[in-house]
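Scroll down for the structure; my scribbles are underneath it.
The values are calculated or read from the model by the stated rules, or taken from the named source; none is laboratory data. The structure displayed is predicted, hence computed values, not measured ones. Quick reminder, even Gly has a Cβ in these numbers, built from the backbone with ideal geometry, and neighbours come from all protein chains shown. Accessible surface areas use protein heavy atoms only, side chains included; no ligands, DNA or RNA. Shrake-Rupley method; radii C 1.70, N 1.55, O 1.52, S 1.80 Å.
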Amino acid sequence: MTEAIAASVWLYISVIKRTASRKVRLHMLGPEIADGCAVRSSNGGSIGITDLPSEALVSIFKHLQPVDDLMPKLALVCRKWHDLLYYSGGLWKTINIDPTFYSHLHFRLVVCIFRLYGRHVHTVTWRENTTVYESIFACLPALKNLKVLRVPVLWTRRVIDDMCLMTGLEKVQINGGFTMTDEHFLEIANCLSNLKTVTLNACSKLTFEGITRVVPRLKSLEDLHIKINSNLPLTDGRSETAIRNGHSIIKGLVAPIINSLVTVLCVHFVAMETEELWDVVNSLSNLRKLSISNCEHLAGIRLSSASLQKFCVFNIWSTTFVSVHAPKLRHVTIDSGMESIEHVELFALSLKRALINGSNSLRTLKIKSEKLTFLEVSNCELIEMKCLKETLRNNSKLLCLRLGCVSQDSLTLDETVIPSVQELCLLGDFSCEALHIRSPSIRLIHTQAENDIITLNHMYLTANHLCKVALVGLPALRTVTVQCVSVDCIELNLCSDDQLHLESFVVHALNAIGFLRLFDCKVNLLSLCTQLAKTVVLYRCQMSDYVLQMALGGCPNIAHLNLEKCRELSNVNIFAQPLKFLNLFGCASISKLNLDCPQLVAVNLGQCSNVRLFIKGIEQGLKKLLLPFRLVEPTENVRWTHDLPPEEYEQ
């Protein structure tokens with residue numbers, strides 16, 4: 001019984017989500033869900049969703065989102081579901097609201113949840129930069145057990161009055177803008193005295209004196225998040241006041257009354273020196289996240305913190321170096337806009353992810369970590385290659401490498417440089433002309449889909465077992481060579497409107513090729529050498545009969561061969577013992593097809609109007625009843641998928 005329930009859980013979830021997304025009345029679909037999703041138990045009986053115990057149903061419902069999956073509508077299915085939803089508080093603890101793609105009924109849905117299940121709600125979060133229903137504030141005081149509130153709305157006088165009624169709040173984000181003053185913040189603290197976590201986001205009129213007056217009144221305060229000048233409109237005449245207030249807050253953070261409470265600090269548009277930043281970070285003993293941008297006079301960033309876990313910096317034109325010593329640091333982002341940066345060094349034994357944008361000025365990169373698994377390096381046309389390879393070599397646990405522009409025309413990455421890397425992604429600014437990869441650990445190689453890489457001409461890959469090679473957006477590619485024990489999937493030039501001109505495409509797999517697919521390629525040399533290839537798709541490829549014959553000669557054991565719309569083929573000879581499916585749809589120039597494939601199941605000759613069929617050298621009439629395999633005749637317009645076995649496309 002338990003095994004049957006476990007096996008059916010995901011089936012029930014998919015049916016519930018599918019029916020809810022159709023915005024139909026679910027009480028009309030109750031029998032369908034109960035009968036259509038029935039499974040067999042170990043004793044042979046049938047188990048429908050209405051037969052599941054309440055605990056199992058609640059576990060299923062926990063996989064749904066109250067708003068996105070329209071959970072209140074599930075109460076219409078039956079009385080049992082109605083009662084479960086009404087009394088199961090765990091289903092409604094967190095309400096995430098994203099009104100981006102919803103109609104006017106979205107507001108009614110949120111109000112319905114607050115009215116019927118509001119006593120269970122502990123957390124309400126609204127997606128940033130989306131419309132907030134003004135009337136929603138009239139409903140929030142009804143949430144008696146609300147603990148966490150994050151709504152992207154400016155805290156005006158009216159909002160403050162509504163918020164002060166929710167005395168049970170423990171975590172809140174205050175978006176002050178140019179409206180909230182020190183007196184308003186004091187009023188909020190007096191009303192919401194149970195606050196444990198406070199986020200002060202872009203409170204431009206708030207001063208350090210106002211913060212120090214409030215902090216002692218919040219006896220339960222544990223975390224203070226300060227985000228200075230976030231999204232500050234510099235064209236606003238009041239921005240000068242905001243910048244001055246921000247600088248005074250930064251200078252005051254060294255005070256003992258507050259420095260142990262600040263766990264998140266985001267500093268934007270604040271002029272400060274390297275030493276000032278050093279002093280502030282050193283004084284914040286519990287700082288976990290630090291973000292810096294658009295800070296003038298910051299010639300360099302030197303940090304040392306025993307608590308810092310996440311660090312982000314961008315858009316600081318004057319900074320020439322970044323040096324961070326933080327044993328607990330886990331995530332680093334150095335983004336664009338660092339036009340003067342030349343040196344980066346990160347000494348963080350716990351660092352797991354690092355994203356480095358060199359702004360085409362970075363020269364040296366040093367990372368010392370025992371846990372680094374993800375590294376992205378982009379826009380580093382001046383970087384010293386010896387230094388980069390040394391960094392890769394010293395982080396032996398690196399699993400994913402995303403590589404952009406580096407200072408070399410020909411790049412070689414072997415097992416000594418990337419001993420453990422399993423995934424390699426070429427970013428849009430990758431600028432090497434030739435790429436040589438030799439690593440037994442590599443499993444996935446792909447390109448970033450957003451931008452074309454216009455420089456790469458030659459790629460040579462040597463590996464053991466490859467899961468996937470997906471090369472898209474490489475208009476200048478001329479040579480591809482893959483040598484491995486086996487490869488599950490190779491895809492080239494998918495979703496591209498431009499034809500790719502390949503001088504050679506060579507795949508040598510000792511054991512097998514699972515799936516090979518080339519789109520819109522003009523190939524002068526195609527070499528496939530393997531014991532078994534399950535599916536080979538050459539869609540709209542230009543090649544001569546000789547090129548195809550040589551490719552098939554090195555790989556006779558193909559199960560599904562798809563040559564759809566290869567319009568330069570005229571005389572095709574295929575002698576493949578295990579071939580089961582052959583697709584020549586749209587090969588209009590084929591005049592002769594000679595087959596010797598005893599296991600052939602189906603052949604698609606759709607739109608091949610001039611073809612003559614030969615089996616073992618003997619011409620055959622195109623009569624379905626006389627052939628040993630299923631045939632799609634030239635007059636038919638039936639296309640096949642690239643699956644094994646292939647299926648017909650729905651017209």
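Count Lys and Arg as plus one, Asp and Glu as minus one, and take only other residues whose Cβ is under 9 Å from that of Gly473; the net charge is then -2. Computed packing ranks the peptides 369-379, 444-454 as 369-379, 444-454, most packed first, by mean other Cβ atoms within 10 Å. Put a plus charge on the Cβ of each Lys and Arg, a minus charge on the Cβ of each Asp and Glu, and nothing anywhere else: the dipole of segment 399-455 about its Cα centre is then about 220 debye.
Against the chain, whose longest principal axis comes from its Cα atoms, helix 385-394 is set at around 80 degrees. When Rg and the Kirkwood radius Rh are both evaluated on Cα atoms of segment 409-468, their ratio Rg/Rh stands at 0.96.
Sites listed here are trypsin sites (Lys or Arg not before Pro) in segment 109-141 whose DSSP assignment is loop and whose Cβ has at most 16 other Cβ atoms within 10 Å: Arg127. Over the chain, the ratio between the Cα radius of gyration and 2.2 N^0.38 Å evaluates to 1.24. Each principal axis of the Cα cloud of segment 93-186 was taken in turn, and the coordinate range along them, longest first, works out to 37, 27, 18 Å. Taking the 1.4 Å solvent-accessible surface of segment 369-425 as the whole, the part contributed by carbon and sulfur is 43%.
Scoring 266-272, 467-473 by mean Cβ neighbours within 10 Å over their residues and listing the highest first yields 266-272, 467-473.
Contact order normalised by length for segment 341-471, with contacts defined as Cα pairs under 8 Å and 6 or more residues apart; what percent is it? That works out to 18 percent.
Each of Gly358, Asn394, Gly404 was placed along the dipole of segment 356-409 (beta-carbon charges, centred on the mean Cα), and the one lying farthest toward the positive end is Asn394. Near Pro645, once Lys and Arg are set to +1 and Asp and Glu to -1 for all other residues with Cβ below 14 Å from its Cβ, the sum equals 0. Farthest towards the positive end of the charge dipole of the chain, among the residues Val151, Tyr649, Gln65, is the Cα of Gln65, using unit charges on the Cβ of Lys, Arg, Asp and Glu.
Computed on the Cα trace of segment 290-338, the radius of gyration divided by the Kirkwood hydrodynamic radius gives Rg/Rh = 0.96. Rolling a 1.4 Å probe over the protein heavy atoms gives the chain an accessible area of 44 Å² per residue. Once you have all Cα-Cα distances for segment 439-598, histogram them in 5 Å bins from zero and send the whole-percent values. It works out to 2, 9, 19, 23, 21, 14, 8, 3, 1, 0, in whole percents. Take the Cα coordinates of segment 389-507, assign each an equal point scatterer, and use the Debye formula without solvent to give log10 I(q)/I(0) at q = 0.16, 0.23 Å⁻¹. Ignoring solvent entirely, the Cα scatterers give -0.71, -1.53. Positive end of the dipole of the chain (Cβ unit charges, origin at the Cα centre): among Leu561, Ala348, Trp92, the Cα lying farthest that way belongs to Trp92. Taking the Cα centre of segment 49-134 as reference, the dipole from Cβ charges on Lys and Arg (+1) and Asp and Glu (-1) amounts to some 240 debye. Net charge in the neighbourhood of Arg612 (other residues with Cβ under 10 Å of its Cβ; Lys, Arg +1, Asp, Glu -1) is 0. Of all beta bridges DSSP finds with both residues in the chain, what is the antiparallel percent, to the nearest 5? If we restrict to bridges inside the chain, about 5 percent are antiparallel. Report the charge-dipole magnitude of the chain in Debye, nearest 20, computed about the Cα centre from +1 at each Lys and Arg Cβ and -1 at each Asp and Glu Cβ. About 1820 debye. With 32 Å as the limit on Cα-Cα distance, the pairs of Lys371/Lys468; Lys93/Lys219; Lys93/Lys310; Lys389/Lys468; Lys73/Lys289 that go past it are Lys73/Lys289. Starting from the Cα of Asn394, step 7 Å toward the Cβ, then list every residue of segment 340-355 with an amide N under 13 Å from that point. Correct set: 344-349. Projected over all directions and averaged, the alpha-carbon convex hull of segment 237-355 occupies 6.9 nm². In segment 151-273, inverting the average of 1/r over every pair of distinct C-alpha atoms gives 14.4 Å as the Kirkwood radius.
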